[in-house]
Each structure stands twice: as structure tokens, then as C-alpha cells.
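Here's the structure we're looking at; comments come further down.
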Amino acid sequence: MKLFCLKDRTKFLLAIGVAGCCLLSFCLFTNEVAVFRKYLDSDIPFVYLLHQSVPPNWIPSIDAGAQAWEDVVSSYWEFENGGLTAADSAARDSINLVFFDFQGVNFAPGTNVIAFSRTFTEGSGINFHAVESDLIWNARDFPPSPTGASGQQDLQSVIAHEFGHHLGMAHQGPVGGPPGCGELIIAATMYGQSAAGDTTKRSLHIHDKAGVSVLYPVWKLNGSITDAGTGQPLLNAGLQADTVFGAILGQVEQIPGQNRWEIPGFVVKRFTLDSTADFDVTVLVPQFTLTASRFGYQDQSVQVQFGPPGGIGQTEIQTVNFALSPSPQAPLNLTLRDSLSSAAVSGRLQIFATTDKPGVPSQALVDTLVDSTGQLSVNLPAGEDYLLALDPVVPYPARTIAVKNHSPGGTNLAVNFAPARVLLVNDDLDESFESFFTESLQTLNVSYHLWRIFEDGPVDTSVFELFPEPRLVIWYTGNASQNVLSDAEQIQLAAYLDGGGRLFLSGQNIVEASPTGALLSRLGIAFEKNVLPPRIKGVPGDVIGNGLVLSSVGGANNQNSKDALVVDSSRATVIFTYGNTPIGNAGIRAAGPADTWRVVALGFGFEGINNQNGERDLVLSRVLAWLSGVVTGIEAPSVSHAQQPDAIRLKPMYPNPFNPTTLVEFEL
């Protein structure tokens with residue numbers, strides 16, 4: 001082991017020649033079969049000898065560094081100062097040497113090595129163990145300070161760290177091990193860096209204490225968790241205590257490029273058992289309450305009490321076996337109704353368990369259809385928490401409903417739906433860019449029903465009539481590039497406008513790939529060219545574009561084929577242009593005779609707008625306000641005070657329905 005000085009940094013590296021990561025909490029040296037590189041109980045106390053040249057005023061700091069490990073109540077490890085010796089080399093001589101090399105004999109000129117420590121081992125397999133450890137400090141280049149003086153390495157802190165290596169601990173943190181050998185906890189004594197003048201490592205961190213306790217344990221707890229009825233192991237069950245109580249281990253890992261191994265471990269208050277449903281924990285505190293739990297089962301708690309430490313080599317082992325009883329099943333009765341007509345509402349229902357317990361399934365517990373009666377009853381384990389994801393038929397918005405502590409007597413839910421304000425049509429290849437629309441709608445507190453053409457098929461004309469007037473449709477095409485807006489779709493949308501519809505049309509390639517058609521002809525727009533500049537500017541004075549400067553970089557980052565539009569000014573008004581100096585028309589608005597219909601059409605994808613400062617939300621706010629015909633009806637949002645969405649679409653419910661962007665409040 002070496003202690004390095006990094007000359008171009010203000011911190012020093014307490015290195016043992018291995019690379020590390022930051023996933024778990026502490027790291028222990030082992031061999032390839034996970035046998036610890038520790039001392040036999042017969043070799044404890046570990047007796048260290050100081051070279052006779054050590055300054056007397058340094059000895060208290062050295063002893064204090066050793067005492068920090070002795071004071072760990074959950075470990076029986078002990079150090080002992082054996083006095084002075086004439087030995088001055090890290091040789092196998094049955095002497096655990098601490099030597100301060102004032103002449104630098106062991107260090108090349110100009111080295112950045114502060115110190116190195118070396119441990120000798122014997123045996124292999126299960127007989128592997130440490131037999132001697134020496135520490136040599138480069139006092140020529142890095143004289144230690146017993147007071148933690150500024151600009152010098154603190155003697156007590158570094159000794160505590162190196163003595164931690166002696167007893168079998170590797171580096172905690174990313175400096176000292178393969179991936180998985182220590183969470184990045186800078187306060188830990190075994191963290192792999194030391195700053196000059198830093199005295200904080202004199203006191204052991206909980207993870208340091210856990211490591212030495214695993215190696216030389218005073219208390220251990222083992223047992224299992226089974227099903228009380230069948231006696232079978234309960235896979236994915238878990239344990240939780242009322243305090244941080246123990247330490248458990250991961251899997252042995254080889255140090256990259258070396259014939260050495262380490263094993264990571266971590267401190268626990270709660271943890272999930274592996275596939276055997278057995279547990280084996282090194283205990284850090286003498287008393288605590290321990291609860292076994294699993295989704296679908298009733299919790300079981302026990303009081304655990306250990307005796308006082310028994311001395312070197314004495315480990316008190318207790319066994320606690322849990323047998324959990326299944327939770328009773330209770331009905332969840334659901335009724336879906338139209339809030340205006342009280343008519344039954346059908347749709348898809350998914351139920352997810354959200355209880356903070358081990359063993360909660362990642363997939364839906366229930367995935368079914370609520371039929372035309374609008375009613376459904378399912379049995380679920382009582383006492384658990386659930387999330388209901390409701391995806392009703394058009395025109396209703398999706399909702400999520402949280403059920404807390406499902407009653408043993410059952411839970412009755414009556415859910416009323418009002419038709420959504422907007423029909424959001426996804427005419428893209430998949431759902432990749434939906435969130436850019438749905439998040440803005442949620443920010444504006446505008447309810448919507450999502451229709452995916454690639455799943456639900458073409459939108460039937462009758463669907464439009466189900467929405468409240470003025471009927472609002474957002475139709476986007478995303479990355480579609482072939483026949484982006486078909487003739488049939490254009491005819492359908494033109495007919496929708498004839499019925500007084502309001503349309504927001506968004507997508508690159510629409511005008512380029514669909515140069516003819518009833519809708520584009522009506523709007524008086526045609527394809528001019530593709531443009532690349534990311535900047536899009538609103539037309540000054542326009543009700544939608546005024547004052548807006550947009551970027552098509554930083555949103556969906558998919559705007560590589562933006563359409564510049566040829567616009568018939570007698571039928572449409574330009575609202576956006578491309579570039580700092582206009583190089584093409586980017587968007588228009590148009591209205592029918594006597595304002596019977598309204599359209600906003602973009603030659604680029606709305607999803608591509610950078611929303612860092614709420615620009616995308618503001619565009620949608622203005623578009624919907626103008627389409628609705630009441631400019632004050634939908635106000636521009638305050639980005640820092642965005643409202644909670646009142647509806648969502650989860651179709652299908654993935655990646656998961658618990659994402660903050662899809663969870664909504666619901667009141668019965």
C-alpha cells in the first residue's frame with residue numbers, strides 16, 4: 001500500500017494500487033474465494049513497534065490512531081503499542097513496524113509517495129490470513145504533523161487510515177477498488193484521499209466501524225423469512241430495523257490487473273433478502289426492533305437484544321426466523337361515470353402496488369377492461385397501497401388514483417369523468433415525443449385524451465364531435481417522413497374544420513411530404529425548402545408570435561428537416577419565421593369565413609422547442625387561447641408556478657406510471 005502526493009492537486013492519495021467505484025459503503029481485502037485478509041484471533045492484540053527514531057511527541061498521535069479502531073464496540077479488534085525497535089525496513093521479520101524514513105532511503109527523489117504499508121500473508125483458500133504489517137512514512141518529503149498543521153498531513157488521521165489497512169480494510173470510495181467497493185463518502189477514514197491539515201479522519205465513520213466489525217464481529221444475527229402457511233422461503237422479502245443496525249456483504253471482485261481481491265459491503269437499516277430468503281448480518285448495535293415484511297403479507301416484528309462484548313474472538317450469534325402470514329384479500333369496487341350525464345364510462349384499468357415494502361411487483365397487478373357497465377370489482381391484499389391508472393374511452397382524460405392502506409373491509413371508488421378539453425392525436429411512428437406535448441398540457445392544466453394512430457387506428461370523424469365546443473385538436477407527426485399527412489387525413493381534417501373545428505398542426509415534413517391535399521390547399525401553404533438554422537422568431541405584433549424567440553435545439557433534438565412555407569397571405573397569416581433575419585416562413589394561423597374554424601400550422605415540430613425558460617409552454621398557451629377564440633381564456637403560464645396536471649394518458653403504462661410527469665391529484 002502506498003500513500004501518494006498528487007503534485008497538481010491539493011489532496012493526497014492514500015493509494016493501494018487499485019481502481020475503484022462508488023456503489024457500496026466499505027471494502028475489505030479477500031482472496032479469490034472471499035476469505036478475508038484478516039489476522040487470526042490468536043494474533044490479537046496486534047502489536048506494533050515504533051522505530052527508535054520516532055519523536056516522543058508523535059507517539060500519542062500514533063496510539064490515538066490505533067485507539068480509534070479499538071473503541072468500536074461492535075468489534076473485538078485490539079492494537080497494542082509494543083514499544084521501540086531498531087528495525088527499519090518493511091521486511092518479513094515478525095515485527096509490525098511503524099517507521100518514519102527521515103532520510104528517504106525507501107523513496108526515490110521527487111517521488112509523490114507519502115507512505116506505504118505492506119501486509120504479509122500465509123495460507124490459501126480458507127486458510128488465508130495476515131501475519132505481519134509494516135508502515136513506512138516518507139518523512140523526508142512529507143513530515144507529519146501531530147497537530148494537523150496547515151500544509152502537512154495529519155499524523156493521527158493517516159495512521160488511523162493505514163492501521164485500517166493493516167486489520168484488513170481496503171479503500172472506501174472511488175480511489176480504492178473495483179466497481180462496487182465503496183460509496184463516495186469523503187468523511188470516512190478509509191476514503192482514499194487525504195487533504196493537508198485535515199483532522200476529520202481521526203474519528204471513524206459508521207462505514208469504517210462496519211468494516212472492522214465484519215472482520216472481527218462481536219455480534220451476528222442470522223435467520224430466514226418463510227411463508228407461515230407453506231413453510232417455503234419468501235423470496236424478495238425484507239428486513240427493517242428502527243435504527244441502522246448492521247452490515248452485509250456483496251460479492252468478491254478481483255482488483256483489475258492484479259492478483260488480489262476485494263469484497264464490498266454496506267451499512268443497513270433495511271435490506272431485501274436474496275433468492276434464498278436467508279440472512280446473515282454483522283450487528284453494530286446491541287438492541288433494536290427488527291421487522292420482516294413482504295408485499296401481500298402481514299409484517300412481523302421482534303425485539304433483538306445482545307449481551308455485552310465478550311472479548312477477543314468472542315462472537316455472540318443469534319438466530320431469528322420469521323414466518324409471515326398472507327394478508328387477507330379485500331375487494332376494490334370501482335364505478336366510472338360521466339360527470340354530466342351519469343352515463344357509464346368504460347376503459348382500461350391497470351393497478352400497480354406502491355407500498356413501500358420489499359417484493360412489490362414491477363408490473364401491473366391488474367390489467368383489464370372496465371366494460372360498458374362502468375363497474376369492476378377486484379380482490380387485492382389488504383393493508384397495501386395501490387395506484388390505479390385509468391385510461392377511459394374517448395373523449396375522457398386518463399387519470400391516476402392513489403389508494404392508501406386498502407381496507408380489510410374493501411374500498412369503494414366512484415370516479416366521475418368530464419370530457420377532455422383537447423384531443424391529442426399522435427400521428428408519429430411511435431410515442432417517443434408524446435411527453436413534449438403532454439407535459440406542456442399538464443403545465444397549463446389542460447385536460448386531454450390521447451389518440452395514437454399507430455395503436456388506435458385512424459381517427460373516426462365522429463370522435464371529434466364527442467369533445468366540448470370549441471373543439472380543439474392537436475395533431476402532430478413527429479419524425480414521420482413518408483406520406484406524413486395523407487390525403488384521407490387531410491380530407492378528414494378539412495371536414496372537421498367545416499364543422500367548426502379548431503386545429504393545431506405540428507410537424508416537420510408535413511408540407512414537404514404532403515404537397516397536395518384538401519387541408520393544405522385550404523390553408524394556402526406549400527413547401528419552399530428545408531432550413532437548418534435553429535432559431536425561430538415570432539412575428540412582431542402577432543397574437544401568437546409576438547416577442548417570442550425560440551430554439552429548436554434542446555427540446556426533442558429531432559428537427560433536422562424543418563419546412564419553410566410558401567404562404568398565400570390572403571388565406572393565412574405568418575406567425576413565425578426562421579433565422580435571426582427571416583429566411584423562410586415557419587408557421588401560420590388561418591381562420592375560416594366568419595371565423596367558423598381556426599388553424600395554427602407549424603413547419604417544424606412543436607416538440608423541438610427548447611423549454612428551458614418555458615417557451616414551449618408559452619407557445620402552446622397562446623395557440624390554444626387563439627384557437628379557443630378567447631385570448632384571456634388560457635393565460636400564459638408562470639414557469640416557476642406551473643399548475644399540477646389534472647389528467648394524464650398512460651397507454652400503455654410504461655416506462656412506469658409513477659413518474660412525476662404522469663402522476664396527478666384526484667379528488668372524489
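The values are calculated or read from the model by the stated rules, or taken from the named source; none is laboratory data. All figures in this text were calculated on a predicted structure; none of them were measured in a lab. Reconstructed Cβ throughout: ideal geometry from the backbone, glycine too, with neighbour counts over all protein chains shown.
Brief remarks on what is shown
- Test for GLU80: is it closer than 24 Å to ASN259 by Cβ, assigned by TED's automatic domain parsing to the domain that holds PHE26, surrounded by fewer than 16 Cβ atoms within 10 Å (Cβ to Cβ) and acidic (Asp, Glu): no
- When ASP274, ASP280 are checked against the criterion of being more than 19 Å from ILE317 (Cβ to Cβ), out of contact with any helix residue (DSSP H, G or I) (no Cβ under 9 Å at 6 or more places or on another chain) and acidic (Asp, Glu), ASP274 stands alone in meeting it.
- If you go through the stretch 464-477 and pick out every residue that is in contact with a helix residue (DSSP H, G or I) (Cβ under 7 Å, 6 or more places away or on another chain) and either at pLDDT below 95 or not hydrophobic (A, V, I, L, M, F, W, C) (or both), you end up with 4.
- Hits in the stretch 133-151 (condition: closer than 22 Å to HIS165 by Cα and surrounded by fewer than 17 Cβ atoms within 10 Å (Cβ to Cβ)): PRO143
- Tally, over the stretch 116-154, of residues that are among the hydrophobic types (A, V, I, L, M, F, W, C) and either free of Cβ contacts under 8 Å to residues at least 12 places away in the same chain or not in a loop (DSSP other than H, G, I, E, B) (or both): 8
- The set of residues in the stretch 524-544 being over 18 Å from GLU512 (Cα atoms) and either in contact (Cβ under 8 Å) with a residue 60 or more places away in the chain or assigned to a strand (DSSP E or B) (or both) consists of ARG535, ILE536, LYS537, GLY538, VAL543, ILE544.
- Selection within the stretch 281-332 - of a type in the set (S, T, N, Q) and closer than 19 Å to PRO233 by Cα: THR291, SER293, GLN298, GLN300, SER301, THR319, ASN321, SER325, SER327
- Applying the condition of being touching a helix residue (DSSP H, G or I) at 6+ places or on another chain (Cβ under 9 Å) and within 23 Å of ALA170 (Cβ to Cβ) to the stretch 85-115 and asking which residue is surrounded by the fewest Cβ atoms within 10 Å (Cβ to Cβ) yields ILE114.
- Exactly one residue among THR443, THR438 is touching a residue at least 60 places away in the same chain (Cβ under 8 Å), touching a helix residue (DSSP H, G or I) at 6+ places or on another chain (Cβ under 6 Å), more than 28 Å from ALA594 (Cα to Cα) and of a type in the set (S, T, N, Q), and that residue is THR443.
- Verdict on GLN103 being farther than 15 Å from GLU132 by Cα and assigned to a loop (DSSP other than H, G, I, E, B): yes
- Qualifying residue in the stretch 505-519 (condition: surrounded by 23 or more Cβ atoms within 10 Å (Cβ to Cβ) and in a strand (DSSP E or B)): yes
- Criterion applied to GLU434, GLU384 was being closer than 30 Å to PRO358 by Cβ and among the charged types (D, E, K, R), and the one residue passing it is GLU384.
- Check on THR461, farther than 27 Å from VAL566 by Cβ and modelled with pLDDT under 95: yes
- Near pairs, Cβ below 7 angstrom, 6+ apart or cross-chain, from the stretch 330-345 (without any contact (Cβ under 8 Å) to a residue 40 or more places away in the chain) to any residue that is among the hydroxyl-bearing types (Ser, Thr, Tyr): ALA344/SER372; ALA344/THR373
- Hits in the stretch 597-623 (condition: in contact with a Leu (Cβ under 8 Å, 6 or more places away or on another chain), among the β-branched types (Val, Ile, Thr) and not in a strand (DSSP E or B)): ILE609, VAL619
- Residue list for the stretch 351-366, restricted to those being in contact (Cβ under 8 Å) with a residue 24 or more places away in the chain, of a type outside the set (Gly, Ala, Ser) and not in a loop (DSSP other than H, G, I, E, B): ILE351, PHE352
- Within the stretch 558-570, residues that are within 13 Å of ASN530 (Cβ to Cβ) and in the same structural domain as GLU528 (by TED's automatic domain parsing) sit with their Cβ atoms under 6 Å from residues that are surrounded by fewer than 14 Cβ atoms within 10 Å (Cβ to Cβ) and not acidic (Asp, Glu), at 6+ positions apart or across chains, in these pairs: ALA564/LYS529.
- Single residue of GLY164, GLY123, GLY176 found to be under 30 Å from GLU253 (Cβ atoms), at pLDDT below 95 and either under 41 Å from the mean Cα position of the chain (by Cα) or not aliphatic (A, V, I, L, M) (or both): GLY176
- Hey, ARG502 closer than 18 Å to ALA572 by Cα and either surrounded by 15 or more Cβ atoms within 10 Å (Cβ to Cβ) or within 43 Å of the chain's Cα centre (by Cα) (or both) or not: yes
- Among the residues listed as LEU349, LEU324, the single one being touching a Ser or Thr at 6+ places or on another chain (Cβ under 7 Å) and more than 30 Å from TYR76 (Cα to Cα): LEU349
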